[in-house]
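Let me begin by presenting the structure, written as structure tokens, before commenting on it.
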Amino acid sequence: MPMIEMREALNQALKEEMTRDEKVFILGEEVAEFNGAYKVTKGLLDHFGPKRVIDTPISESGFTGLAVGAAMMGLRPVVEFMSFNFSLVAIDQIISNAAKMYYMSGGLYNIPMVMRGPNGAGPRVSSQHSHNMESVYAHFPGLHVMAPSTPADAKGMLKAAIRCNDPVIFLENELAYNLKEEVPEGDYIIPIGKGDIKRQGTDVTIIAWSRMMSLAKTAAEELAKEGLNVELLDPRTLKPLDMPLIAESVKKTNRVVVVEEGHYFSSLGAQVAESIYTDLFDYLDSPIARVCQSENPMPYAANLEAATLPSVEKIIRAAKQVTYRN
Amino acid sequence: MASVKKEMQSLSKEKMVEILEKMLVIRNFEEASIKAYQQKKIAGFLHTYIGQEAVGVGTLAHKLPQDSVVTTYRCHGLALALGMPAKEGMAELFGKVTGCARGKGGSMHFFSKPHNFLGGHGIVGGQFGIGIGAAFKSNYDEDNAVSFIFFGDGATVQGTLHETMNLASLWDLPAIFICEDNQYGMGTANARAIANTDIASKAEAYGMKGYTFNGMDLNEVHGRMGDIVKEVRATRRPVLVHMKTYRYTGHSVSDAGLYRTKEEVDTYKLKDPIIAVSREMIENKMITEEEFKAMQKKAKAGIQEALDFAEESPEPPLEELTRHVFMDDVGNA
């Protein structure tokens, strides 16, 4: 299998799905002539032309709304947010329109639409460019939320998202675009709602997604040196959660750490923990530990930024806490 | 531009009867819905179209099957003007499974697939994107459709209008932006909310044409919209239309109307489009007084049938609760 970067894997998914279905088109800021702010759409304009690869003005609400209307009339738009921070400008279109349309029209108008782009903190971009949006979008019925951690997953998951007949929030990560791994060639799908065990273990389950899985992998390697055998579980789809897979893992390890880049309060990680407490309480040997972003806006200063975000050290500490090791 | 005075004479008797019938259906539907609301058969919000019938009926008379329509929460009138059966609308208001949205949308969210009616929408200005999206689809598929985008005067100061006019003009989208200016954004008179109340003039800022005319006059609406729809279909250029109209009832049923005088409302009632059209048709000997009375009776009876249908229809079964959240079953959900 060829080694390719995350951005290239996403690019392959877009290209293959646009080739497969001419109703699929992509629009967003700088996706065409600039080849994408992060080069995910590189070469697509040359290949498919300006009808299907469309540079938009800086009008997130306008072009997201346009995508909803186009989807109602039978097209399959892929909206790129240059950053998911900018999706906040379009949030009424995403929640009041995309998420609710199929239901409030009594099943008359479904919205086959993917909204994708980098989510979470970039390096040193301070408070307004560092939001983690998964907890917000996962809150509202009508949206699926996906967040790949590896290039191979990214490709198969994006293809599933584009083929879905409902709106999908597809969260990438700026710091993971150059992550390089083996990616299968050609057509393959990772279904919505299917998680993956990234490392088999017996002592503690660390649940993490997106870039946090990379940190968790490093933490697991460190902990292995100390004799702690970590199981790494990537839900991949954050809504709906793969609870059967989570249950299988928790029943084996009986101890859980949930890692997320977002804040502690009212978060997706809190939901994961709650679901485990509700469904699997009897299988737990210790309280679940959560590693999150601290409860402050992202600061610019390097030391403060590092203190705000989850880290390998914080994950190691949490894993030791739930296994009662010091 | 067609001579508006001559508009009615240029239309066949059948066409004019159809127009008048539709206006009567809307008027009767809305009056019945207010009564049903008072009887607690209907709940939530109820924004009626009474007084504005000429705008919807006169405009949508030019809609072709491939065209689409989207509007605000004041959506009953347009759905009926398109030909959605009154019983589907009334059942929706009653929260019954036989409603146009299976009782899940309610008063603000009428939809109709056969008419490409893309909904009534509850957030002021939230529907503009949907409208230009439908226009975008028309160019994508080259199906020669146009997109009718209705909105109130209150929405003219939402950012979404300006973003979508920019996009529509930039990309040559066949979108017809139609401002139904009933002069109040809820209880706030336009002069207190809109810095420039010459709404059509906003088109110029986006290199679009803007038109203003009297939305209480069916002849004028029908005639001028006929030309405008033709123009947009041919040029693929968006336009902004400003129609001045008036709603006799409150913003919604819970509106006591303290922000305007009874005299003002009465002045507009004298210009009532249904009275005007029926008088003119009788004067022009298109119909007789008796025929008009029969039409009124027929409209009333149709709405009574719709009320009975809504009353007798079942509520949505409980399995509807989680149905239509998603089209695809992905498990786990």
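Coordinate-derived values only; no laboratory data. Nothing here was measured: the structure is a model prediction, and the numbers come from that model. Cβ atoms come from the backbone with ideal geometry, glycine included; neighbour counts cover every protein chain shown.
Of note:
- For the peptide B:133-146, the mean number of other protein chain Cβ atoms found within 10 angstrom of a residue's Cβ is 5.
- Cβ-Cβ FRET estimate between B:I282 and B:E315, R0 fixed at 56 Å, reported to 0.05: 0.80
- Rounded to the nearest 20, the size of the Cβ-charge dipole of the protein assembly as shown about its Cα centre is 700 debye, with Lys and Arg at +1 and Asp and Glu at -1.
- Computed E for A:K39/A:M1 - FRET, C-beta separation, R0 25 angstrom, nearest 0.05: 0.70
- Pairwise FRET efficiency - B:R192 versus B:A294, Cβ, R0 = 56 Å, nearest 0.05: 0.80
- Here the sum of -39500 (n - 2.57) over DSSP H runs of 4 or more residues, divided by the residues of the protein assembly as shown, equals -12000 deg cm²/dmol at 222 nm, to the nearest 500.
- Counting beta carbons within 10 Å around each of B:K35, B:K104 and listing the fewest first gives the order B:K35, B:K104.
- The mean number of partner chain beta-carbon atoms within 10 angstrom of a residue's beta-carbon across peptide B:158-164 is 5.
- Mean Cα-pair separation over length for chain B, i.e. relative contact order, pairs under 8 Å, 6 or more apart, %: 23
- Scoring B:120-128, B:42-50, B:189-197, A:15-23 by mean Cβ neighbours within 10 Å over their residues and listing the highest first yields B:120-128, B:42-50, A:15-23, B:189-197.
- Segment B:T261-B:E31, extension gain: residue separation times 0.36 nm, minus the distance between their alpha carbons: 80.7 nm
- For B:96-108, mean number of other protein chain Cβ atoms within 10 Å: 3
- At most 13 other Cβ within 10 Å, DSSP loop - GluC sites (Glu not before Pro), region A:166-259: A:E185, A:E226
- Contour excess over end-to-end distance, with Cα ends at B:K230 and B:V325 and 0.36 nm allotted per residue: 30.3 nm
- Kyte-Doolittle at least -0.5, axis length at least 27 Å by Cα - qualifying DSSP helices, chain B: B:13-38
- Unit charges at the beta carbon, dipole of chain B: most positive-side option, B:M208, B:G131, B:F45: B:M208
- Residues listed by number, region A:1-42, amide nitrogen under 18 Å from A:E185 label point at 7 Å toward C-beta: A:1-5, A:8-17
- Counting DSSP beta bridges with both ends in chain B, the antiparallel % (nearest 5): 10
- Close amide H pairs (under 5 Å, H built 1.01 Å from N) link A:V145 with A:I169, A:L238, A:K239, residues at least 5 positions away or on another chain.
- Per-q log10 I(q)/I(0), chain A, q = 0.12 Å⁻¹ (Debye; single scatterer per alpha-carbon; no solvent): -0.80
- Interatomic Cα distance distribution for region A:3-182, bins of 10 angstrom, percent: 10, 41, 38, 9, 0
- Eligible lysines near A:K251 by straight Cα distance, threshold 19 Å, same-chain separation 8 or greater: A:K194, A:K198, A:K320
- The alpha carbon centroids of region B:157-234 and region B:291-333 are separated by 32 Å.
- At least 20 Å along the helix axis (C-alpha) and Kyte average at least 1.0, DSSP helices within chain A: none
- Set of aspartates and glutamates with alpha-carbon distance to A:K100 below 18 Å, sequence-local pairs under 8 removed: A:D92, A:E134, A:D166, B:E92, B:E319, B:E320, B:D328, B:D329
- Available extension along the chain between A:L304 and A:Q321 is 3.7 nm, counting 0.36 nm per residue and deducting the alpha carbon span.
- For a straight C-alpha distance cut-off of 18 angstrom, the lysines reachable from B:K137 (same-chain residues fewer than eight places away being disregarded) are A:K23, A:K51, B:K63, B:K113.
- Inverse of mean 1/r across different Cα pairs in the protein assembly as shown, Kirkwood, Å: 26.8
- When the C-alpha to C-alpha distance is required to be over 26 Å, the pairs from B:K269/B:K297; B:K104/B:K244; B:K22/B:K202 that qualify are B:K104/B:K244; B:K22/B:K202.
- DSSP bridge analysis restricted to the protein assembly as shown gives an antiparallel fraction near 15%, rounded to the nearest 5.
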